[in-house]
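A short worksheet on the structure shown next.
The values are calculated or read from the model by the stated rules, or taken from the named source; none is laboratory data. Predicted model only: the values in this text are computed from it and were never measured. Side chains are part of the model used for accessible areas, which takes the heavy atoms of the whole protein and leaves out ligands, DNA and RNA. Shrake-Rupley method; radii C 1.70, N 1.55, O 1.52, S 1.80 Å.
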Amino acid sequence: MTENTPSTHTPEPRQVPDWIPAFPVLAPDSADLPPHHDHCLGCGPANPHGHQLRARRDAHGVHAHHRFDSRHVGAPAIAHGGAVATVLDELFGLLLYTVGEPAVTRHLAIDYLAPIVLDTPYTLRAHIHARDGRKLHLQATIENDHAHVITTATALFLTVDVNHFLTHNTPPHTDNTP
């Protein structure tokens, strides 16, 4: 096969991860939301490098409390913007429990209004702003302990079939030569 020849390899399905069958059956009155799986970077309790985010359902969506620590440092004493983005994306992912369908991030936009200081408590909130078919328009905030919003985020998530997580989806090769 040459470099410009598209691959004809069909990916083989993977085994069904434990979290997939359990995802849509969360009790609607459950306030505490479970992690996606034990080793999830955002919420997995067994991931020593992760954020181990815990979220709760509320009347408006979900909320969580979080402290960024030295593992998340960017500038001295300040959380790295990528670590903040990871936590916000995870909060949106946990919000999906209120939808009852799996979905994936299509677009994530963040406004960093002030630095996130390490070892400082923050409250995170997320809700569904609108739904249009498979499109979920989501919004989130991070507030300091004085209830000042210091970070906002919007996201577009697309609901997907569970098979999305069971096969390797690779984009087709495109030949850009003239």
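Give me the number: length gained by fully extending residue 132 to residue 65, i.e. 0.36 nm times residue separation minus the C-alpha to C-alpha distance, one decimal in nm.
21.2 nm is the gain from fully extending residue 132 to residue 65.
Given the whole protein assembly as supplied and a 1.4 Å probe, what does the accessible area of residue 54 come to in Å², nearest 10?
We get 100 Å² for residue 54.
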